[in-house]
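The structure appears below as structure tokens.
What follows draws every value from the coordinates through simple rules; no lab data is involved. Just so it is clear, the model here is predicted, and its values are computed rather than measured. Positions of Cβ are generated from backbone atoms using ideal geometry, with glycine treated the same way; all protein chains shown enter the neighbour counts.
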Amino acid sequence: MDTQQPVKILIIDDSAEDRFAYRRYLLQEVEYQYRILEQETGEAGLSLCLQEQPDVILIDFLLPDLDGLEFLSQLQDQIGKNHPPVVMLTGQGDEFVAVQAMKRGAQDYLIKGKTTSEALRLAVKSAIKNARLQQQLQQSQAALEQQLKSERIVTQIAGQIRQSLDLDTILNTTVELVRQFLQTDRVIMFELQPDGNGKVVVESVESGWTPILSTSMYDTCLATSDISSYLQGQATARTDIHNGDIDPCHVNLLAQFQVRANLVVPVLLNVGNNTQELEIDHASSTPQLWGLLIAHECRAPRQWQAMEISLLTQLATQVGIAIQQSQLYQQAQMELLERQQTQQALQVSEERLRLALDAARMGIWDWNILTNQIVWSASLERLFGMEAGEFDGRYETFLNLLHPEDRAQVQKAIARAVEHREPYDIEFRFFCPSGRIRWAVSQGQVFYDQTGRPVRMTGIDLDITARKQAQEALRESEERFRLLSAFAPIGIFQTDGAGHCLYTNPQWQAIAGLSLQESLGDGWARAVHPDDREQVWAEWNRCTQEGSEFSMEFRFLTPQGGTHWVQANAAAIRSQLGEIIGYVGTDQDITARKYAEEALQNALQKLNFHVENSPLGVIEWDSDLRIIRWSESAENIFGWTAQEILGKQMSEWQFIYPEDAAAVSNVVRRILSGDEAQTVCCNRNYAKDGSVVYCEWYNSTLTDESGNLVSVLSLIMDVSERVRLASERDRILQLEQVARSEAERANRVKDEFLAVLSHELRSPLNPILGWSKILKTRKLDANKTTQALEIIERNAQAQAQLIEDLLDVSRILQGKLKLNVSAIDLTTVISSALETVRLAAQAKSIELQPILEVGVWQVSGDATRLQQVFWNFLSNAVKFTPNGGRVEVRLQEVASIAQITVSDTGKGINPEFLPYVFESFRQADSTTTRQFGGLGLGLAIARNIVEMHGGTVMADSLGEGQGATFTVQLPLIQTTKDYGDKKDQGKNFSCAESSSILTGLRVMVVDDEPDSLEFTAFVLEQEGADVIAVSSAEEALRVIQQWQPVLLISDIGMPEMDGYMLIRQIRKLPQDQGGQISAIALTAYASEADCQKALANGFDAHISKPVEPSQLIAVVTKLLKQRV
């Protein structure tokens, strides 16, 4: 709530007269401007609360439909705990209801009959201020929660970037977390292309709004100045696209996507060479604009907060790192894949040209033609896939093993060999027991007896499966070679034994830029680049002469002047005798690979550059954990240079903080054991200058194929500032918790104080009202009447003293308590205080024992206020000391200091309450069953008065039932100056003086309260004055010009025109019409500020209500004497 804006106050009361009075009281307020709303019932008030959202609610406790407690309950149900402050008014003075109302959330509780304009306005202002404090506390808590949430999001995104190279995952997580944090409708990542086009690559959008993922667009309004600001990392926040700040064409573009407000943050990359993006040249040190991180608010305009802009800027930096990290990784992966593919293609081509020959498998057989039995050697059984001894020797068994298509042919060959003595040599197929078909060649010779009868046939079977397969493979290979030569993507050539070219395929011809005829013989050498020709020719001649393989990288120069890098490989073709009969080889175009290797080298250089320039420290350890890399950032973090550290183990210099050594050793153990390939640890390290650095270590291990450790790479982040911020955050949280506890304690104290205040203010009213009623309705004897009046006066004075204590506390809190300083005698002040409590002490048979050392006891101070201090201590001592007890007052000098000690044999003070005894509104017993009354203000006022005199006050007690001691120390002054004149100034005017001045004097009294008006007029008339009493300021203005009074006594708080307005109007009148009349403000506005305000507006004196008749006459007399 802003004091410059009207404060809305809702008054709920079924009494129109009461509502009018409250409105009139509130509109007298000068500190705030009020807008008053009114309702007669609780239900109507609740409905208006939801519509108007008032700042303060004034409600009558008893309404036609709801009471005040029911209203508070429904208000909390409908609005929640943050409902407007409620001030409850009631015609009943029920303390229980007041306490219950406070517990249910009411800010204050006022009694209608006792509620003055000042009390009502004070209660409303207090409610407004308390609501503001609560709102500020909630805003601080919300800001802290937002800051913590922002830090968590940045940490989460940064953690994902460190742990993952999956760019899509990182970008999608970023936009989702940002949208949740900002509570906005859409968050996108927009990638810009060099030609100005762009595309939405990731998006997080709330349901109900049109998704724009993968949407391509071209912003014709994207100006060079916009790009320049983006390249400088500047964010753009637009509260409303329709406010005229941007070009209409850009507004139309955003409107297509339902955008009302947007927040745009550039995503920048650091590039290592000059590039051109969006028609702007960047040097190698200038960032490259990759794209934009954009938040869209579609529902309505939005004011973007600085913290939100800061969060997106931090996240954009992290995203830029992730993009560049992913690009480098993907580039390295592609280059590695291309190399692997090149090597695999080369191996395949070599395997296709290589013929494999296996050793022949052979077995012996012997067939007895006469018995038809066959004997197989073990090797022959293995050839047929049998175990040794498995063949049964039957001729039929052999035939059954043969392939059906070859069986008849074998039988015919055997018959020809036996009958016609033809050579037996045949190839056939047979089945193995496993079902596989194999090939064999069988050769044999028939033996005859003397008669020429065939008796035996012996021979061998040779497994020619491999040969048959080789023949088939050779046929297929020749066919493949023919097809490959014609359609292969690599060049193929063949030469004779001397190295002269016999054949080149079309791809070779295309690479070299020669025709088949031009490449034959030694013509192929013409295609070699002149710078490489001599070296290639020499190496080719060497290989052909030595019969070794040829392998070389060189360049072909095409007829068009282009250059092709080729990898040439050739192998010798040998005869069965091992003689070289020619060469077959390939030329592979490796131009792309060469460029890739060059790019890879450049990428590695860039990577090394970024490692050295990364804000993260980079340390690499060998297998013995000796440092082999120490980046520049590591130097910046720890202070040691690479020359000082390389080759050392961490135990060789003071590096690890002792308390963290065990945790670090555990991480090292896990690394060396191979339990974890990646480890993360947080620990403290020493820097070179001896300072302690808080670090996060991200370690990854590299192992060989056997799992042995090769090296360890550590990335180190200096998180000292984060640790400091976390510590500061914890400290702030602790302070907030302490403040919350103190606020809760203050609320409890307030509740207790309000209950006590209600009791203490209303207790004197009972005898006042009771005896007043008796005096009006019954005739009492003189003694009883005197007793009744004394009781009324005593309780009225007690109530006035309570109010005066409250005003003193207010003055102390505002620093406006004034002292009338003069040189005073402490003995006199203490004696006066003793006299004020002597009767009370005698009533309880309490012995008052003053022990005042003889001497000059002068101090500089206010005698009245110091008497108030000693009276407070003495009255408490008498109050809390049982009948027959003793109260001692001792005055002595201690080190040039006056020390006054008040001790008693009374109730004593609980040790737990002793530290709080001088706090305002604090009482050892604030329950409804307490034995002693009071507001708990006296000791707090006494302490402040003593301290204003430059003194100190202390309290001591051995415990309950053992009495208490209060000690005051005041500085003495060394002077004997007579201050008699100043003392005389405080004397009251005598009755004779007042009578002689007031007799026949015209006095006008103005007050809207009839009782107060009649009382003041009566007192003045008793002193002989001619008094006219009027009840409004308007009537006073009419009378003053006609009647011409000498003195004006006016109230301040009056309807329509108050006392301040009246005196200002009077002072504008000519002197002969009363413009210079003597004027006294007689008012319940009793603060020092009220006094100064009255004097500043034109009154000559200020008297606070209630006022004693003698005090009123004294002030009037003094003023009139000064004006004479």
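Only helices enter the 222 nm calculation for the chain: every DSSP H run of n ≥ 4 contributes -39,500 (n - 2.57), and dividing by all residues gives -15000 deg cm²/dmol, rounded to 500. Note on the chain: dipole from Cβ charges, positive end direction compared against LEU58, SER957, VAL178; the farthest Cα belongs to SER957. Here segment 991-1123 is assigned +1 on the Cβ of each Lys and Arg and -1 on the Cβ of each Asp and Glu. Its dipole about the Cα centre then comes out at about 640 debye.
Are there any helices in the chain, counted as whole DSSP H runs, that stretch 20 Å or more along their axis by Cα and score at least -1.0 on average by Kyte-Doolittle, and if so which?
Correct list, ordered by number: 117-163, 167-182, 306-353, 404-420, 465-487, 591-613, 720-762, 782-814, 826-843, 863-880, 1109-1123.
Taking label points 7 Å from Cα along the Cα-to-Cβ direction, ALA300 and ARG886 give a separation of 7.8 nm.
From the largest down, the chain spans 190, 72, 67 angstrom on the principal axes of its Cα atoms.
For the pair ARG838 and GLN560, the difference between a 0.36 nm per residue extended length and the Cα-Cα distance amounts to 87.2 nm. Restricting segment 676-723 to GluC sites (Glu not before Pro) that sit in a DSSP loop and have at most 14 other Cβ atoms within 10 Å of their own Cβ leaves GLU676, GLU705.
Tell me, MET88, MET457, MET552 in order of fewest to most beta-carbon neighbours within 10 Å? Listing MET88, MET457, MET552 from fewest to most nearby Cβ atoms yields MET552, MET457, MET88. Packing here is the average count of other Cβ atoms within 10 Å per residue, and on that basis the peptides 1037-1048, 181-192, 865-876, highest first, run 865-876, 181-192, 1037-1048. So, counting K/R as plus one and D/E as minus one, what does the shell of residues with Cβ under 9 Å around VAL441 add up to? That sum, taken over residues with Cβ under 9 Å, equals -3.
For segment 1018-1124, what mean projected area does the convex hull of the alpha carbons give, in nm²? All intermediate terms of the calculation are to be shown ahead of the outcome.
Values: hull surface 26.1 nm².
One quarter of the hull surface, i.e. the mean projection, equals 6.5 nm².
A crude spin-label estimate for the pair ARG669 and LEU713, with each label 7 Å from Cα along the Cβ direction, gives 2.8 nm. With neighbours defined as other Cβ atoms within 10 Å of a residue's Cβ, the residues VAL712, VAL821 order from fewest to most as VAL821, VAL712. Rg over Rh for segment 622-718 works out to 0.95, using Cα positions for both radii and the Kirkwood form for Rh. The calculated FRET efficiency for GLN1022 paired with GLU176, based on their beta-carbon distance and R0 = 56 Å, is about 0.05. Rounded to the nearest 20, the size of the Cβ-charge dipole of the chain about its Cα centre is 2320 debye, with Lys and Arg at +1 and Asp and Glu at -1. Ordered by the number of other Cβ atoms lying within 10 Å of each residue's own Cβ, fewest first, CYS432, CYS1091 fall into the sequence CYS432, CYS1091.
Translational diffusion of segment 7-139 was estimated from the Stokes-Einstein equation, with Rh taken as the Kirkwood radius over Cα pairs; at 20 °C and 1.002 mPa s the coefficient is 147 µm²/s. Structure note, pairs LYS129/LYS818; LYS784/LYS907; LYS129/LYS879; LYS103/LYS776: Cα-Cα distances above 30 angstrom occur for LYS784/LYS907; LYS129/LYS879; LYS103/LYS776.
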